[in-house]
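The values are calculated or read from the model by the stated rules, or taken from the named source; none is laboratory data. Everything numeric in this text was worked out from a predicted model, so none of it was measured. Glycine gets a Cβ as well: all are built from the backbone with ideal geometry, and neighbour counts include every protein chain shown.
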Amino acid sequence: METSLPAPNSRVLSPACGDWTSPLVQPERARLVAITRDLPGLPSPRAHLGAALALLVAHAYGTRRWLGGTRAAVAVVEAIDRRIHIDAATTAVTWVREDASHLRRVWEAVFRNEPALLERVLDRMIGTEPFGDHPVPEAVLFLRGAVAAGVLAGAVDDAIHASLDELASGLGLCLEAAYGTLPDERERGLAIARAALARLPDGLLVERVSDLLEHLPLHLEDTRAFRGYAPRPVPRPASTPDDALSAAMVDVFGAPSAPLLRASTWLIGQGGKRVRPTMVLYAALACGGNAADAQLPGALLEWLHQASLVIDDVLDEARIRRGQPTLHHATDVPFAAMVAAYALARVAITSRRLKPALRLALHDAATTLAEGQRAELAHTADDQLPVSVYYRVIEAKTARLFACAAALGARCANAKDPTVHALSRYGREAGLAFQIVDDVLDFFGDEHDLGKRPGTDLRAGKVTLPILLLRDHLDTNGRETLAAVLRSDPEARRAAFPWVLQRMQALGIEADCLSRARVHRDRAVMALEALPASPERDALVALADKLVARRR
């Protein structure tokens with residue numbers, strides 16, 4: 001049975017904006033209900049103002065494509081709104097598991113079909129002022145994002161977007177004043193919003209928002225999970241690598257502000273294995289290419305990987321990464337999330353420098369990575385997870401990016417399709433081996449070598465190959481105990497780590513997992529037989545060996 005949305009003024013707003021009975025948005029109301037009806041969550045204190053704003057923007061100033069595009073725009077805005085107003089009992093993991101697929105599909109469609117529009121919208125969001133230098137109230141950031149979603153849905157031109165962006169900022173300040181977080185900003189917010197409205201063509205959006213400004217409540221209940229973005233001091237890294245890849249990563253990131261520059265320096269300075277850009281380089285050289293052409297694709301892949309690590313650390317509540325505090329632990333979650341979002345935006349923008357085939361390959365790997373992370377979260381604490389599904393998850397979240405790295409290297413050297421496909425197979429198998437070893441080290445690795453405490457995956461409820469093989473080796477009582485551990489809270493799972501590790505050691509789980517990793521290593525090396533013998537091909541073989549033999 002279809003449920004209806006709360007009336008726009010049921011909590012805080014007048015019917016002036018977001019009136020779902022109007023002729024304008026009535027055709028989209030059913031679409032919005034269909035998107036949101038099966039998703040749990042509290043009604044938004046803003047009564048779907050963001051979604052209504054996106055709809056109005058797309059319809060009032062966009063092209064005729066607005067009707068189809070707004071469904072995706074509304075899905076994104078509603079998902080983020082739910083995250084901001086999330087119930088304390090609902091974790092971030094739950095939100096990502098349920099809503100991230102909407103975000104991924106929207107990003108995929110826009111990235112593939114509207115790259116110039118996406119670049120323009122991202123540039124307005126992050127390039128019109130020293131991005132990241134100043135605190136940004138949550139309501140301002142959210143409503144600017146809602147406007148951007150409407151612009152993307154309707155292909156609104158940049159001049160209109162500039163005025164709408166200012167309108168969102170003014171309206172956001174009014175809401176923050178009503179929440180009590182910025183009590184003195186109401187009049188300034190009203191002045192900014194009215195000035196922006198005066199520059200917009202007359203129409204239903206101007207009429208409704210004007211009416212809304214006249215009826216904004218003076219006080220609103222503030223139930224938000226976070227209240228805004230603020231720049232944070234980032235510790236200086238122990239050292240900053242001085243090499244071509246690091247220079248290319250600095251170029252990609254751009255760092256338009258001091259806080260973002262410190263954050264990028266922090267992440268680059270943490271180092272890491274940099275396997276993916278190394279694979280791009282070796283593959284390019286093995287196909288007769290040169291190192292210079294491999295630097296940009298390698299840097300884009302590494303930033304994609306770095307952003308995913310920042311997000312993973314937030315979701316896993318991890319405190320240590322590569323022997324240093326994780327970014328969100330050294331600063332805070334909104335700042336770390338903004339850094340990750342900025343990095344992903346820069347990857348999208350800078351990828352325009354690549355040839356179309358390389359850009360699409362990077363895009364496909366990015367969206368598959370996002371789907372893999374979502375699938376992993378969907379199976380959190382799933383003691384019935386089949387091993388075959390585990391392989392599908394690690395293929396998406398890890399192996400596909402490795403396959404992309406090797407294929408990008410081949411395409412940088414203008415290799416023929418059979419060679420590209422062979423290197424893609426090499427990367428896929430090497431990536432599977434890498435992830436299996438990574439999962440093993442989280443149980444059997446040394447904290448000093450790993451740069452983090454073993455047991456992170458178990459504490460987060462991740463069901464990895466060591467857990468699955470342990471489950472299949474245990475008797476009935478042991479399986480029931482393991483299932484209870486997985487279903488418990490994070491601290492209880494942490495406390496159960498010695499019990500789990502002891503049984504893994506007794507049952508030879510480490511050797512079993514590593515044997516499977518070596519099978520994938522062998523398949524990776526077999527794929528390289530399609531390439532002529534060369535020192536560069538030998539380097540790819542050695543890299544696959546290193547991925548299996550590593551201890552960190």
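Some values worked out for this structure:
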item: Unique match (being without any contact (Cβ under 8 Å) to a residue 24 or more places away in the chain, more than 30 Å from the chain's Cα centre (by Cα) and within 20 Å of residue 391 (Cα to Cα)) among 506, 511; result: 511
item: Yes/no for residue 534 being surrounded by fewer than 17 Cβ atoms within 10 Å (Cβ to Cβ) and under 17 Å from residue 433 (Cβ atoms); result: no
item: Flag for residue 484 being small (Gly, Ala, Ser) and assigned to a helix (DSSP H, G or I); result: yes
item: Count - residues of the range 316-348 that are at pLDDT 85 or above and of a type in the set (Val, Ile, Thr); result: 4
item: Candidates 506, 524 - the one that is modelled with pLDDT of 95 or more, farther than 26 Å from residue 398 by Cβ, in a helix (DSSP H, G or I) and among the small types (Gly, Ala, Ser); result: 506
item: Any chance residue 517 is assigned to a helix (DSSP H, G or I), assigned by TED's automatic domain parsing to the domain that holds residue 413 and surrounded by fewer than 17 Cβ atoms within 10 Å (Cβ to Cβ); result: no
item: Subset of the range 247-298 [touching an Asp or Glu at 6+ places or on another chain (Cβ under 7 Å) and either buried (at least 21 other Cβ atoms within 10 Å of the Cβ) or among the acidic types (Asp, Glu) (or both)]; result: 249, 259, 276, 277, 282, 284, 285, 286
item: Test: residue in the range 145-168 that is more than 17 Å from residue 55 (Cα to Cα), surrounded by 21 or more Cβ atoms within 10 Å (Cβ to Cβ) and at pLDDT 90 or above; result: no
item: Residues (in contact with a Leu (Cβ under 7 Å, 6 or more places away or on another chain), at pLDDT below 60 and not in a helix (DSSP H, G or I)) located in the range 47-96; result: 47, 87
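Results for (1) among the hydrophobic types (A, V, I, L, M, F, W, C); (2) within 21 Å of the chain's Cα centre (by Cα), shown as yes or no for each residue.
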{"residue": "384", "(1), (2)": "no, no"}
{"residue": "402", "(1), (2)": "yes, yes"}
{"residue": "420", "(1), (2)": "yes, no"}
{"residue": "423", "(1), (2)": "yes, no"}
{"residue": "444", "(1), (2)": "yes, no"}
{"residue": "454", "(1), (2)": "no, no"}
{"residue": "457", "(1), (2)": "no, yes"}
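Conditions tested, residue by residue: (1) among the hydroxyl-bearing types (Ser, Thr, Tyr); (2) out of contact with any Asp or Glu (no Cβ under 8 Å at 6 or more places or on another chain); (3) in a helix (DSSP H, G or I); (4) buried (at least 22 other Cβ atoms within 10 Å of the Cβ).
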site: 370; (1), (2), (3), (4): no, yes, yes, yes
site: 381; (1), (2), (3), (4): no, yes, no, no
site: 388; (1), (2), (3), (4): yes, yes, yes, no
site: 407; (1), (2), (3), (4): no, yes, yes, yes
site: 415; (1), (2), (3), (4): no, yes, no, yes
site: 418; (1), (2), (3), (4): no, yes, yes, no
site: 448; (1), (2), (3), (4): no, yes, yes, no
